[in-house]
Every structure is written in C-alpha cells, then in structure tokens.
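Visitor: Okay, handing you the structure first.
The values are calculated or read from the model by the stated rules, or taken from the named source; none is laboratory data. Only a predicted model underlies this, so the values are computations on that prediction, with no experimental measurement involved. With ideal geometry, Cβ positions are generated from the backbone for all residues, glycine too; neighbour counts draw on all protein chains shown. Surface areas here come from the heavy atoms of the whole protein model, side chains and all, with no ligands, DNA or RNA. Shrake-Rupley method; radii C 1.70, N 1.55, O 1.52, S 1.80 Å.
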Amino acid sequence: MFRIPPRTGTAAALLGLALGCLALGPALGWGFVLVQDMVFVPDPAFSRFTFGLSGGAPRVVPSDAVVTALSSVLPGELVQKAILLGVFVLGCSGAALLVPAPGLAPRLVAGTFYVWNPYVAERLLMGQWALLLGYAGLPWVVAAAGAGLRPGRTALAMLPAAVGGFAAMTVTALAALPVALGRSRAWAVRVTAVLAAFSLPWLVPALLRPGTVTGDRVGVEAFAARADTPFGTVGSLLSLGGIWNAHAVPAGYETVAGAVARLVLAVAGIAGFACLAGSRLPYRVGLAVAAAAGFAIACLGVTEPGRAALARLIGVWGGFAVFRDGQQFVAPLALLVAVGLGLLTAAAQAAGVRGRGARWVGVRGRGARWVGVRGRGARWAGVMALVPLAVLPTLAWGAAGALEAVRYPRDWTAAREAIRRDGEPGDVLVLPFESYRRFPWNGGRAVLDPAQRFFAVPGRDVVANDTVRVGTMVVPSEDERARTVERVLERSSEALPAQGFRYVVVDAGTPAELSSIAAWLNRARIIVNGSDLRLYRFDGPVAGSAPETGY
C-alpha cells in the first residue's frame, strides 16, 4: 500500500471538498435534494421498510437505516449534504492514494478525474448516492486488498460500500476479489469473508422474502446501457457514460467536441495505466482484470445474445438482476483511467524537466515513479488537473441547475403528525399509485415518491407503487402487496377496505380522486385538506392490516 504524505492527503481531501461544492452548488442550500432515486426526509423513523421487511427488494438496506440513525443526531438536511460531499472527499483522496508518485500534482489529477467524470455525473443525476458512496470507497478497498492489510483495515475500507448496500457491495466485490487474488488465494478467502459479512444486512431480508428478488426480460431491456455519445453504446461506456436513463445525462452532453474529448481522455488514461503501471504496483493486474470484467458486464445488454443470457441468469436466481443496470460496473474502469492519468501526468512532468535533474524511474518491472523534480512543471500539471472539468463543465453548479435543495410542504408535515399521533392499527396507501412523481414544489423534477419514507411509522406499513416505466416498457412491481393493490385499483375500489388501510395520502388534484376511488374515499374523514396534499382516515376496525412489530 502506498503511503501518502499527510500534507498531500490533506490537499487531496480539500480538493475533493472544493469539487463537491462546485458540483453540488444550489444543492447545498437548506432543504433536501430530491431527484430520481435520491430520497431524504426530515426526522425519518425506523420501519419495516427500513430493514427490507416490507416493500420491494431490500435495496435500501442498510443505507436507509444508517441515514435514519444519523438523522436522530443531526438534521436530515445536514446528513444528506455531508454524505454527498463525503463522496467527493473520499473518492478524490482515495484515487490520489493509488498514484505511486512523490509529487502532489499527479495525485491531484487522478483525484480530480475520479470524482469528475460522466460516471459520477450520471449516477448523481440518477440520485444513486448509495452506489456513489461505494464508488468513493473503491480506491481505498483496492489499496487495502492489494497491500494485504489486516482484515480489520480492509473492513474499514469497505465500510462505505457496506452502507451503500447491494449494488455498491457488488461493484466493490468485482474490484476487491481480483486484486486480493493477485496477492494470494488465502488473502482472497479473507477478503471474501469480509464481503460476505457486510452483505448480510441486505442478504438476510432478501432470503426471508425471496418473492421480492425478481427480474424479467423487460427489466433487462429497460436497464441496458444506452448510447449517449456519437460513438454508440460501447463508445459511450468506454467514455464512462452510457446510462439507461436519458434524464440522467448531463446538459450539453451530446456535443461532438465534448464527446470526443471525454473519449480521448479515457483512452489516454487506459494507455497510461497499461504503459506506466509497473509490476511493483500490488493492484496492477487485479484492477485491470476488474476493469475488463466490469466493462464486459456493462456490454452484456448491448447485444441480443447478451440480453438473453442475462435473462436466463435472472431466471435461475433473481439476485442476478443487479447486472441489468450494467453501466454501474464500469466503476473499476473509471478508477483505472484516473490512476493512468496520474501516471501520465507524472511522466510528462518529469520529461518536461529532464534536462534539469529529473529522472523517470521504473517503466515496468521496477515500479512507476519519478524523482528529482522540485516543483518544476507544476503549471503543466495544473492544466492537466483542469481537463476533467473542461470536458464536462455541466456537472458544475448542481449539474447546471438540475440539483437544487427544496423543502417539503407544510401539508406533508401536518399529515405525518396526524398519522404518528394515531395509535389505532392500519396501514397507509399512497395515491396516485405511481412510483416516480413530479411535484410542483420540487421544480417538476422526477423523484421516487418520498411518501414511503416520509410517512413511515413503527408498526404501520406505507404502501406505494414501485413499478418503473422506461419509455413504453413497464418493469413490474416487486412488492406482492403493491401488485395486489394495483389489481384492485384497476378493477374496482370496492375491494380496497379489505386491504387493511386506515389512511390514504392523496396528492392534491389527483384525477383518480374524482373517479375510481371517489366512492371509497367518501366514506373517510378528511384530516388534512391542503393545496399540496389530502389525508383521509377510515375510522373503525381495519381488516388485514400489517401486524405490530418491534420496528
């Protein structure tokens, strides 16, 4: 493992903090950033959903539990901002750690690229903070696995991915295992044990509720990588883009000049790693294998045979559905490119002052390093550090305004307080029955309905739809109860009283409130009647409600 001087580590962390502030911009204002899968709420409560015991597959485990615990100490707004800024600080300093150069500039170039690239931009716009937390910890995991540190140190490096959950741990395993295996089989077994232990929080509820871990051919088609550059899907993935969701592509990303620059930068990083990463780098072969494997997984959805093979795997075990969104597995490639760019910077910086006493030592076989440079060439290295920002400028300032902090309406808070004060049994139904919503108070941005977390109460389930619509494709719900409610709503609301609901939360102005469920809601009392939300309560005995639990 490379030792990074304290001042260099501090500089890399501060650079990450500065880049995080630049990228988030208005998202750092007071309130919550609600975009796509990113859902934070004020004063969250532990519930069955928090632990994967209700709802769909346990993708929020243990990330939601960690956020809920932290929010009991700090305001939820600060928790979200600390996590998002932590991604940039942890990722930048970790990538800097992996560059075997004594100077500061090459490390900062690697750190800058690692946290400022299409992968980070698209996943941030998708709201997948838990995956990005694992991505930020990836350099530390590679360093620990390659150096053969004590299992406790390796576990500490994996902690961000463990908090991130299923997808973050899968991406981390993809990188950690080849690197550990390159050291020894015995060490690989120990790393596997750490990975398995950190996977238990989501693996146990998945095994307890196997019906939620599902997938089908529609999901394979819907979540396959897409071309977001002129170079097709493979070229987009090589540029570290290619996400399936067109709404997660940064503004101005389609320009030819920018696409060419990002592809050239990625190829240059790959070439730099291939040519300059000496055999003394303990992670060299393992990271190369992980990057190649991740890129191959990402390309599975590009071809019809690949999609068919993945659909068959999911048919064997639903857990393989994590590979449907293949683009997330180019994370090891992003790390390889970052280190390669750092090595190129070191080599070029040394070459620029070779006649002034600098020497580039160990191209292959002896470990890549340069000596004898005392601050010369720093201007050129500084320019290199700005290149990632120049080729992806629209990540700045909240991804050109796509990320902005907002506050929940007072109607939401009033409804939650009414539900929490009520000790009678019965669950909460959220209408309209759609997974992603565009609220006026959120600037019309698409976001996974926050109601399931916002109205969470111990012993009371909140039932919301988790069906995902991608163009004309519909990926069905993973929650059996949600599927049942959806069938009832499609036929007749007369069967809804038997579903165990005491409360119904309805977005104000919902057309369904005036049609299929109007007769049912007329039997209920209106508890909150605001401009943003209505809360209905059914008094009397409630049939079929969820049993009381300790959560």
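Visitor: Residues of region 410-431 being open to solvent by 30 Å² or more (accessible area, probe 1.4 Å) and in a loop (DSSP other than H, G, I, E, B), which ones?
Guide: 423, 424, 425
Visitor: Moving on to the next point. Quick check, is residue 86 surrounded by fewer than 23 Cβ atoms within 10 Å (Cβ to Cβ) and under 16 Å from the mean Cα position of the chain (by Cα)?
Guide: In short, yes.
Visitor: Which residue, of 55, 94, 111, is over 16 Å from the mean Cα position of the chain (by Cα), touching a residue at least 40 places away in the same chain (Cβ under 8 Å) and farther than 23 Å from residue 333 by Cβ?
Guide: Details: 94 fails: farther than 23 Å from residue 333 by Cβ; 111 fails: farther than 23 Å from residue 333 by Cβ.
Result of the check over 55, 94, 111: 55.
Rundown of residues vs (1) modelled with pLDDT under 90; (2) within 25 Å of residue 314 (Cβ to Cβ), yes/no style:
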| site | (1), (2) |
| --- | --- |
| 205 | no, yes |
| 211 | yes, yes |
| 218 | no, yes |
| 223 | no, yes |
| 226 | no, yes |
| 231 | no, no |
| 246 | no, yes |
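Visitor: OK, next. Within region 253-278, track down each residue that is open to solvent by 40 Å² or more (accessible area, probe 1.4 Å) and of a type in the set (Gly, Ala, Ser).
Guide: Matches in region 253-278: 257, 271, 274.
Visitor: For the condition of a type outside the set (Val, Ile, Thr), modelled with pLDDT of 80 or more and either open to solvent by less than 40 Å² (accessible area, probe 1.4 Å) or assigned to a strand (DSSP E or B) (or both), what is the one hit in 469, 487, 523?
Guide: Every option except 469 fails the conditions.
Visitor: Taking region 1-13 as the search range and keeping residues that are surrounded by 14 or more Cβ atoms within 10 Å (Cβ to Cβ) and at pLDDT 85 or above, which one is nearest to residue 144 (Cα to Cα)?
Guide: Checked region 1-13; the qualifying residue nearest to residue 144 (Cα to Cα) is 9.
Visitor: Okay, next question. Among the listed residues 45, 18, 57, which satisfies the condition of being assigned to a helix (DSSP H, G or I) and of a type in the set (Gly, Ala, Ser)?
Guide: Values: 45 fails: assigned to a helix (DSSP H, G or I); 57 fails: assigned to a helix (DSSP H, G or I).
The conditions single out 18.
Visitor: Continuing with this model, one more query. Tell me whether region 202-215 contains one or more residues that are under 22 Å from residue 330 (Cα atoms) and either without any contact (Cβ under 8 Å) to a residue 12 or more places away in the chain or over 18 Å from the mean Cα position of the chain (by Cα) (or both).
Guide: yes
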